[in-house]
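Student: Dropping a structure here in structure tokens format, bear with me for questions.
The values are calculated or read from the model by the stated rules, or taken from the named source; none is laboratory data. Computed from a prediction, not measured in an experiment: that's the story for all the values here. Glycine gets a Cβ as well: all are built from the backbone with ideal geometry, and neighbour counts include every protein chain shown.
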Amino acid sequence: MKILITGGAGFIGSAVVRRAIADGHQVVNLDALTYAACLDNVASVADHPGYAFVQADIRDRAALDAVFAEHAPDAVMHLAAESHVDRSIDGPGDFIETNITGTYNMLEAARAYWMGQGCPEGFRFHHISTDEVFGSLPADKSVKFTEDTPYDPRSPYSASKASSDHLVRAWHETYGLPVILTNCSNNYGPFHFPEKLVPVIILNALAGKDLPIYGDGSNVRDWLYVEDHAIALLLALTRGKLGRSYNIGGDNERTNLELVRALCAILDEKRPKTEGSYSDQITYVTDRPGHDARYAIDASRIEAELGWRPSVTVEEGLERTVEWYLANPEWWQALQSRDGVGERLGVKSLSEDPAAEQAETRA
């Protein structure tokens, strides 16, 4: 199968690219190479005869049409998106343009191509989304997100992803475009761009910097090892039922504080400090605006229908992740100068007047 993968130079996208090539698929990797993308993420497959890279932006419809015409994919896996909640708080416009308008462009380009090919039955448009579209859960661990949970997004990021999900469903119902949707929990693992919690904690710890935790650290997330996720996504693409959505979770709920302490303990063993523990660097910072209390995924549908279960526990996955960052300093050191790396984001909107900022921009 030839798969067009958008966002294939990003964190999750590159894991899917590597897995797809390993599984014997051909891959066309379409990526705009924005700040969080890195072609080093796919260097291991760059010379494979079944791999091609195209630099293009999903906001550019003409470029998308050209990619479909030239490469004639059998399926699409749409991962390209702005994904950092904190960045969405400071600059929601990019999230609207990329996640909503960009997804619209992908749907229309895919639909035009699909119809032009005579609407082949085997074509698939797989839209990859997030559990954040469902909002926040209570502390009761018996309650989890299912595929039928009503949408209740709380941040510009999650609202933009919820919008894109609705567009994909509408294109299936209205135009008959063969689609599959998946919603995942928090990913972590190798090649994670150093703006999210796990890589920030690892790299700040090694640099002797503060390890920032929002609020009191009690917010709960379900942690999914990225390579497990890539396997699940390809299963959904190849065996999922059209029009169906599948939740993908790690079954690894941890509070943010528990996760950070676990990372510190692993670093204490793998790269001990001269004195004390890395946990001594933990600091508590002002909470993120609209910070959801808890996410947890019920992944029973994908297990029952497709036979997938996570294979990596959070303890195993965090150890693998720490070992990867320790062994690959050249990868993350090259990213340290990129926009926003190592900075606290998502607080700009609390101290500035948006109307005044817009007026200044217009001036």
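Student: I need a count of the residues in segment 315-342 that are among the hydroxyl-bearing types (Ser, Thr, Tyr) and in contact (Cβ under 8 Å) with a residue 24 or more places away in the chain.
Tutor: Residues of segment 315-342 that are among the hydroxyl-bearing types (Ser, Thr, Tyr), as a first pass: 321, 325, 337.
Narrowing the set further to residues that are in contact (Cβ under 8 Å) with a residue 24 or more places away in the chain leaves 321, 325.
Adding up the residues that qualify gives 2.
Student: So, ILE3, is that one modelled with pLDDT of 95 or more, over 21 Å from LEU235 (Cα atoms) and among the β-branched types (Val, Ile, Thr) or not?
Tutor: Working: modelled with pLDDT of 95 or more: yes; over 21 Å from LEU235 (Cα atoms): no; among the β-branched types (Val, Ile, Thr): yes.
So ILE3 fails the test.
Yes/no matrix, rows are residues, columns are (1) within 30 Å of GLU121 (Cα to Cα); (2) surrounded by 22 or more Cβ atoms within 10 Å (Cβ to Cβ); (3) touching a Cys at 6+ places or on another chain (Cβ under 8 Å); (4) without any contact (Cβ under 8 Å) to a residue 24 or more places away in the chain:
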residue	(1), (2), (3), (4)
VAL198	no, yes, no, no
ASN204	no, no, no, no
LEU235	yes, no, no, no
THR238	yes, no, no, no
ASN247	yes, yes, yes, no
GLU253	no, no, no, no
ALA265	no, no, no, yes
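Student: Among the residues that make up segment 156-175, is at least one of them of a type outside the set (Lys, Arg), within 13 Å of the chain's Cα centre (by Cα) and within 30 Å of GLY276 (Cβ to Cβ)? Spell out how you get there, then give the answer.
Tutor: Taking segment 156-175 and keeping what is of a type outside the set (Lys, Arg), we get 156-160, 162-168, 170-175.
In the following step, the residues that additionally are within 13 Å of the chain's Cα centre (by Cα) were identified as 157-158.
Next cut, within 30 Å of GLY276 (Cβ to Cβ) only: none.
No, segment 156-175 contains no residue that is of a type outside the set (Lys, Arg), within 13 Å of the chain's Cα centre (by Cα) and within 30 Å of GLY276 (Cβ to Cβ).
Student: Restricting to segment 267-321, name every residue that is in contact with a Phe, Trp or Tyr (Cβ under 7 Å, 6 or more places away or on another chain), farther than 22 Å from VAL220 by Cβ and surrounded by 17 or more Cβ atoms within 10 Å (Cβ to Cβ).
Tutor: LEU267
Student: Give the residues of segment 79-89 that are closer than 21 Å to LEU167 by Cβ and either part of a helix (DSSP H, G or I) or more than 16 Å from the chain's Cα centre (by Cα) (or both), sorted by residue number. Talk me through it step by step, then tell me what you get.
Tutor: At the first step, the residues of segment 79-89 found to be closer than 21 Å to LEU167 by Cβ are 79-83, 85, 88.
Of everything in segment 79-89, those that are closer than 21 Å to LEU167 by Cβ and either part of a helix (DSSP H, G or I) or more than 16 Å from the chain's Cα centre (by Cα) (or both) turn out to be VAL85, SER88.
Student: Give the number of residues within segment 135-156 that are of a type outside the set (Ser, Thr, Tyr) and closer than 20 Å to ALA236 by Cα. Quick ask: steps written out before the conclusion?
Tutor: Restricting attention to segment 135-156, the residues satisfying the condition of being of a type outside the set (Ser, Thr, Tyr) are 135, 137-141, 143-145, 147-148, 150, 152-154, 156.
The next check asks that each one be closer than 20 Å to ALA236 by Cα; those that pass are 145, 147-148.
Within segment 135-156, residues that are of a type outside the set (Ser, Thr, Tyr) and closer than 20 Å to ALA236 by Cα number 3.
Student: Scan (1) touching a His at 6+ places or on another chain (Cβ under 6 Å); (2) part of a helix (DSSP H, G or I); (3) over 30 Å from HIS25 (Cα atoms) for the single condition VAL200 breaks and write down its number.
Tutor: All conditions pass for VAL200, except number (1).
Student: Looking only at segment 164-191, count how many residues are part of a helix (DSSP H, G or I), small (Gly, Ala, Ser) and surrounded by fewer than 20 Cβ atoms within 10 Å (Cβ to Cβ).
Tutor: Start the filter on segment 164-191 by keeping residues that are part of a helix (DSSP H, G or I), which leaves 164-175.
Narrowing the set further to residues that are small (Gly, Ala, Ser) leaves 164, 170.
Remaining after also requiring surrounded by fewer than 20 Cβ atoms within 10 Å (Cβ to Cβ): 170.
Number of matching residues: 1.
Student: With the condition kept exactly as written, say whether any residue in segment 90-98 is in contact (Cβ under 8 Å) with a residue 60 or more places away in the chain, buried (at least 17 other Cβ atoms within 10 Å of the Cβ), of a type in the set (Asp, Glu) and part of a loop (DSSP other than H, G, I, E, B).
Tutor: Within segment 90-98, not a single residue is in contact (Cβ under 8 Å) with a residue 60 or more places away in the chain, buried (at least 17 other Cβ atoms within 10 Å of the Cβ), of a type in the set (Asp, Glu) and part of a loop (DSSP other than H, G, I, E, B).
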